[in-house]
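Trainee: Would you mind keeping the following structure in view while I ask a few things?
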Amino acid sequence: MRRLIYVAGVNRKHLAAATQSVPAWLLSATLLRKYPGWVEQYMTRHRAVRWDPGTFSNDAISYRSYRDYIHQHAKPWHDYLQYDEIGDPEATAWYLQDMRRRGMHPIPILQGNAFHLLHSERHIAIGGLVGMPEARRVDYLDEVFYEHKPVGRIHLLGMVQHKWFSPYTAVEGDNTSWIPRDEWNRRKTIAEWLAEYGEQWVPFQPREMFQMKFFA
C-alpha cells in the first residue's frame, strides 16, 4: 500500500537544501512565521506542501495570524491543516467550524473521541499521537481504524515508522527525526533518514484479532 511521508521541521535554508529531493513537505506556520525569502524557490508545483499551524510550540502562531498567513503564503496547489489546540477537542472543533464559515477549506484534525469526523470527512489528520504512551497509541489507532472504519484519507501526525502504518489504512504521515538535533538523531546520516520519507510502500497487514471485523 502506498503511503506518503512528509518531511517536517524545515525551517532553515540549509535544512531545505538537504530535503529538496523529498516530494512532500509539512511546513509549520509558527516556525516560518516571518516567511523567509529562501522558501519561495521550493514552492514548485511538483512538491506537495501541507501547512501546519504548529500549535505544539509554546509560542505558536495565533489563530487570526494563521488564517492571514494561509491567505498570504499558501499556493493554490497547497493544502493546510486547521488551527487546533492539542488536548482540547471542543476548541479544535470550533476552529474547524469557524475556518469553514470564513470560506476556508482546511484538513480537519481529529482530537480525542471526535470520531464522527471519520464518517463525514474525505481527508482528516489525527493529532495528539506523539505524546501518547505507545500502548495507548495502539489502542487509540485500533479504535479509529477497526471500530470506526474511516471513509477518507488519513494523515497520522508525527508518525513515520512503518509499524504505525502497516496495521492501518492511513496513507500519510510526517516526522522530524531526520534533523540532527542530538545523539539519537545523529545515529543515521540525513541521507539515511530521508530514505524513509516521500513515497513508501508499506503493505497493509491488519491485526489478526481484527481481520474479520475489518473486512466485515
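Trainee: Using only C-alpha positions, report the orientation-averaged shadow area of the convex hull of region 172-212, nm², one decimal. Show your work: numbers first, answer last.
Mentor: Working: hull surface 17.3 nm².
Result: 4.3 nm².
Trainee: Work out the FRET efficiency for residue 113 and residue 135 from their Cβ-Cβ distance, taking R0 = 25 Å, and round it to the nearest 0.05. Let's see the in-between values first.
Mentor: On the way: r = 18 Å, r/R0 = 0.71.
With R0 = 25 Å, the Cβ-Cβ based efficiency is 0.90.
Trainee: With a 10 Å Cβ neighbour count serving as the proxy for reagent exposure, in which order, fewest first, do 46, 162 appear? Let's see the in-between values first.
Mentor: Numbers: 46 6, 162 15.
By the 10 Å Cβ count, ascending, the order reads 46, 162.
Trainee: Pop out the ³J(HN,Hα) list for region 146-161 in order, Karplus 6.51 cos²θ - 1.76 cosθ + 1.60 with θ = phi - 60°, rounded to Hz; leave Gly and Pro as x.
Mentor: Taking θ as phi minus 60°, the curve returns 9, 8, 9, 6, x, 9, x, 6, 10, 10, 8, 5, x, 9, 9, 5 Hz for region 146-161.
Trainee: On a full-extension model of 0.36 nm per residue, what is the gain between residue 143 and residue 47, subtracting their alpha-carbon distance, rounded to one decimal in nm? Intermediate results must be reported in sequence, preceding the final value.
Mentor: Working: separation 96, 0.36 × 96 = 34.56 nm, distance 3.27 nm.
Contour length minus Cα-Cα distance gives 31.3 nm.
Trainee: When the dipole is taken about the Cα centre of region 12-67, and only Lys, Arg (+1) and Asp, Glu (-1) are charged at their Cβ, what size is it in debye, to the nearest 20?
Mentor: Working: 9 positive and 3 negative charges, 25 e Å.
With Lys and Arg at +1 and Asp and Glu at -1, about 120 debye.
Trainee: Additional query: In nm², what is the average projected area of the convex hull enclosing the Cα atoms of region 2-214? Present the calculation step by step, with values, prior to reporting the outcome.
Mentor: Values: hull surface 48.0 nm².
Mean projected area for region 2-214: 12.0 nm², to one decimal.
Trainee: Among 131, 25, 58, whose Cα lies farthest out toward the positive end of the dipole of region 2-214, if unit charges sit on the beta carbon of Lys, Arg (+1) and Asp, Glu (-1)?
Mentor: Sorting the options by dipole projection puts first 25.
Trainee: Fewest to most neighbouring Cβ within 10 Å: what's the order for 153, 136?
Mentor: Lowest count first: 136, 153.
Trainee: Right, here's the next one. When the chain is fully extended, how far beyond the present Cα-Cα distance does residue 205 get from residue 13, taking 0.36 nm per residue of separation? Provide the component values of the computation, followed by the final result.
Mentor: Values: separation 192, 0.36 × 192 = 69.12 nm, distance 3.87 nm.
Extra length from residue 205 to residue 13 when fully extended: 65.2 nm.
Trainee: What Kirkwood hydrodynamic radius do you get for region 1-114 when you take the inverse of the mean 1/r over all pairs of distinct Cα atoms, in Å? Don't skip to the end; give the middle numbers.
Mentor: Numbers: mean 1/r = 0.0677 Å⁻¹.
Every distinct Cα pair counted, the radius reaches 14.8 Å.
Trainee: I would also like to ask the following. Where nothing but the Cβ of Lys and Arg (+1) and of Asp and Glu (-1) is charged, how large is the charge dipole of the chain around its Cα centre, in debye to the nearest 20?
Mentor: On the way: 27 positive and 24 negative charges, 140 e Å.
Taking the Cα centre of the chain as origin, the dipole is about 680 debye.
Trainee: Using a Förster radius of 22 Å, what is the FRET efficiency between residue 120 and residue 58 based on their Cβ-Cβ separation? Nearest 0.05, please.
Mentor: Numbers: r = 33 Å, r/R0 = 1.48.
Given R0 = 22 Å and the Cβ-Cβ separation, E is 0.10.
Trainee: Based on the mean of other Cβ atoms within 10 Å per residue, sort peptides 83-95, 62-74 so the most packed one is first. Please report the intermediate quantities before stating the final value.
Mentor: Working: 83-95: 18.2, 62-74: 16.2.
Top to bottom by mean Cβ count within 10 Å: 83-95, 62-74.
Trainee: Quick one: if the Förster radius is 45 Å, what FRET efficiency do residue 188 and residue 91 give, using the C-beta to C-beta distance and rounding to 0.05? Don't skip to the end; give the middle numbers.
Mentor: Working: r = 37 Å, r/R0 = 0.83.
About 0.75, to the nearest 0.05.
Trainee: Taking neighbour Cβ counts within 10 Å as the exposure measure, how do 142, 182 sort from fewest upward? Can you show the working numbers first?
Mentor: Numbers: 142 16, 182 8.
Ascending Cβ contact count within 10 Å gives the list 182, 142.
Trainee: Between 185, 70, 114, whose Cα lies farthest towards the positive end of the dipole of the chain when Lys and Arg beta carbons carry +1 and Asp and Glu beta carbons carry -1, centred on the Cα centre?
Mentor: My answer, from the dipole projection, is 70.
Trainee: Let me ask something else. Collect residues whose amide H, placed 1.01 Å from N in the peptide plane, falls under 5 Å from the amide H of residue 123; neighbours closer than 5 in sequence don't count.
Mentor: The answer is 153.
Trainee: To continue, here is another question. Which of the lysines could a cross-linker span from residue 13 if the Cα-Cα distance has to be under 25 Å and same-chain partners fewer than 8 positions apart are dropped?
Mentor: Here the lysines satisfying the reach criterion relative to residue 13 are 34, 75, 188.
Trainee: Around residue 43, what is the net charge, scoring Lys/Arg as +1 and Asp/Glu as -1 over all other residues with Cβ under 13 Å from its Cβ? Please report the intermediate quantities before stating the final value.
Mentor: Details: positive: 45, 47, 50, 75; negative: 40.
My count for the surroundings of residue 43 gives +3.
No lab work stands behind these numbers, since they all come straight from the coordinates. All values reported here derive from a predicted model rather than from experimental measurement. With ideal geometry, Cβ positions are generated from the backbone for all residues, glycine too; neighbour counts draw on all protein chains shown.
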